[in-house]
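Asks: Starting off with a structure, shown below.
The values are calculated or read from the model by the stated rules, or taken from the named source; none is laboratory data. Everything quoted here is computed from the prediction, not taken from an experiment. Here the Cβ is made from the backbone with ideal geometry for all residues, glycine too, and neighbour counts use every protein chain on show.
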Amino acid sequence: MKMQMIFRDRIDAAEKLAEKLEWLKEEEKEEERGEKKSSIMILAIPRGGVVIGDLLSRILDAKLDVVVSRKIGAPYNPELAIGAVMPDGSFFPNENIIKLLKISEGYINAEIDAQMKEIDRRLISFRGSKDYGNDLQYKTVVLVDDGIATGATILAATQWLKKKRNNKRLIIAVPVAPKDIADKLNKVADKVVILHSPSSFESVGQFYQDFSQVSDNQVKTIMHRHGYRVSF
């Protein structure tokens with residue numbers, strides 16, 4: 001039986017992930033020599049993804065930013081994702097579940113409004129602004145998290161980036177994700193880097209020895225260090 005990979009903590013996972021992304025840094029050096037101004041943007045999903053993104057940005061000499069994607073849960077079963085909403089209000093539905101459960105448009109709109117308030121709060125709190133401007137355009141965007149369970153938020157973030165942000169290239173990089181989710185990601189991203197894709201999956205935390213909750217203040221401290229105007 002193949003031994004299951006266990007990460008010591010998020011830093012350990014980020015270091016292992018960085019090894020698989022070193023080629024990006026070398027590629028960037030080559031492009032700089034050729035005077036092609038193409039830069040790397042590490043786009044992290046809070047909160048745990050910001051710890052991963054912080055280390056990756058330092059190793060790859062890339063800028064760090066965050067994107068907040070909020071899952072919308074089904075009535076009476078909030079863990080069952082019926083879709084996800086993005087910072088500009090874009091809603092990416094799971095049509096099959098919505099039809100199966102006969103979920104009303106009124107319920108969906110109310111949940112979108114509620115999640116948008118939390119998205120706005122987090123963006124202002126973590127980066128000081130809701131506006132991305134042109135920061136993501138023509139960049140190699142590396143979308144990172146500390147792991148993927150259902151895939152609802154990262155799939156929505158991927159669709160949002162592909163449709164709205166005019167990126168040069170989209171790479172998804174995470175330490176662990178279920179095999180079926182990994183297969184879906186490969187269809188929507190230009191490249192996917194996943195260290196461990198087990199077919200048997202219960203939770204992201206089972207692959208970490210230390211999966212302590214990351215606080216808002218930890219995220220703010222990291223983002224402040226990267227030059228964002230955050231308030232403590």
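Asks: Output the residues belonging to the range 18-42 that are at pLDDT 70 or above and in a helix (DSSP H, G or I). Before the answer, list the steps.
Replies: If we filter the range 18-42 for residues that are at pLDDT 70 or above, which is where we start, we get 18-28, 39-42.
Matches in the range 18-42: A18, E19, E22, W23, L24, K25, E26, E27, E28.
Asks: Identify, from the list R122, R127, R165, the residue that is modelled with pLDDT under 90, farther than 23 Å from E22 by Cα and either over 12 Å from the mean Cα position of the chain (by Cα) or not assigned by TED's automatic domain parsing to the domain that holds A81 (or both). Break it down into steps so the answer makes sense when it comes.
Replies: Details: R122 fails: modelled with pLDDT under 90; R127 fails: modelled with pLDDT under 90.
After ruling out the rest, the residue left standing is R165.
Asks: Among the residues of the range 107-141 satisfying the criterion of being surrounded by fewer than 16 Cβ atoms within 10 Å (Cβ to Cβ) and among the aromatic types (F, W, Y), which is farthest from P46 (Cα to Cα)?
Replies: Taking the candidates together, the pick is Y107.
Asks: Then there is this: Being of a type in the set (G, A, S) and either surrounded by 12 or more Cβ atoms within 10 Å (Cβ to Cβ) or on the phi > 0 side of the Ramachandran plot (or both): is that true of S104 here? Can you show your working first?
Replies: Working: of a type in the set (G, A, S): yes; either surrounded by 12 or more Cβ atoms within 10 Å (Cβ to Cβ) or on the phi > 0 side of the Ramachandran plot (or both): no.
When the stated conditions are applied, S104 does not pass them.
Asks: Working only within the range 177-216, note down all residues that are over 18 Å from A149 (Cα atoms) and surrounded by 12 or more Cβ atoms within 10 Å (Cβ to Cβ). Show your work before the answer.
Replies: In the first step, residues of the range 177-216 are kept if they are over 18 Å from A149 (Cα atoms); the result is 190-191, 215-216.
Within the range 177-216, D190, K191, D216 qualify.
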